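The values are calculated or read from the model by the stated rules, or taken from the named source; none is laboratory data. Source: prediction; values computed, not measured. Don't worry about glycine lacking a Cβ; one is built from the backbone with ideal geometry, like all the others, and counts go over all protein chains shown.
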């Protein structure tokens, strides 16, 4: 067998082994780690294991879920730059799970507002969405996240083809709307939403820079 064939076979075997480790070990660990904040909030809501919430538990849970949604959006957008910087393509294997957890926490944030805060009072819900700008922004961001979660499967990626990548670029305006929603919510102490804004600006700026680099290389080769 030629040496280059042996090298390629060895590399393929390493790739398969690494992917098996990711699927069987690292992904389950990541799944549990990402679920921990939600479990802690649930424990606090029911007073389990000494976990307690503040004087306004619904508001505490609502804000915590929203912030974790933003944190997972940051982590999702961080995967690609990190992969390029450290040269580890297998990091992309975790991006889908992180993105789905971002949707999960935003969904829980919405449901807590809908059920516990608004108590399913539809007139009040519609009034808040229409007349309170920060809720309008949050609601729009949530609606934009839904098609990304629905089309996150391999089957939908194949079905949509190039349209899948265009659709999932919605994550950028979603991140902007999420930070804007947070900024208008806190009103006084805006340091935390501004920190998220700075992080998202860096991540989006990095993507713009990389896209320009790719276009420049294509132009020079053409």
**Request:** Could you tell me which numbered condition residue 104 fails, if it satisfies all but one of (1) over 12 Å from the mean Cα position of the chain (by Cα); (2) buried (at least 16 other Cβ atoms within 10 Å of the Cβ); (3) closer than 26 Å to residue 22 by Cβ?
**Result:** (1)
**Residue check, residue 64 farther than 27 Å from residue 204 by Cα, in a helix (DSSP H, G or I) and either within 25 Å of the chain's Cα centre (by Cα) or at pLDDT below 95 (or both)** = no
**Message:** Given the condition outside any helix (DSSP H, G or I), farther than 20 Å from residue 199 by Cα and in contact (Cβ under 8 Å) with a residue 40 or more places away in the chain, answer yes or no: does some residue in the stretch 138-152 qualify?
**Reply:** yes
**Message:** Considering only residues that are surrounded by 16 or more Cβ atoms within 10 Å (Cβ to Cβ) and out of contact with any helix residue (DSSP H, G or I) (no Cβ under 8 Å at 6 or more places or on another chain), which ones fall in the stretch 72-91?
**Reply:** none
**Request:** Could you tell me which of the residues 111, 91, 107, 100 is modelled with pLDDT under 95, closer than 30 Å to residue 33 by Cβ and not in a loop (DSSP other than H, G, I, E, B)?
**Result:** 91
**Message:** Going residue by residue through the stretch 22-31, is there one that turns out to be touching a helix residue (DSSP H, G or I) at 6+ places or on another chain (Cβ under 7 Å) and crowded, with 17+ Cβ neighbours inside 10 Å?
**Reply:** no
**Request:** State whether the residues of the stretch 199-215 include one that is farther than 25 Å from residue 82 by Cβ and modelled with pLDDT of 90 or more.
**Result:** no
**Message:** Criterion first (more than 22 Å from residue 114 (Cα to Cα) and at pLDDT 90 or above) does residue 16 satisfy it?
**Reply:** no
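Does residue 126 count as assigned to a helix (DSSP H, G or I), in contact with a helix residue (DSSP H, G or I) (Cβ under 9 Å, 6 or more places away or on another chain), at pLDDT below 95 and over 27 Å from residue 39 (Cα atoms)?
Against the criterion (assigned to a helix (DSSP H, G or I), in contact with a helix residue (DSSP H, G or I) (Cβ under 9 Å, 6 or more places away or on another chain), at pLDDT below 95 and over 27 Å from residue 39 (Cα atoms)), residue 126 does not qualify.
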**Complete:** Only one of 69, 44 is at pLDDT 85 or above, touching a helix residue (DSSP H, G or I) at 6+ places or on another chain (Cβ under 8 Å), in a helix (DSSP H, G or I) and surrounded by 15 or more Cβ atoms within 10 Å (Cβ to Cβ), namely 69
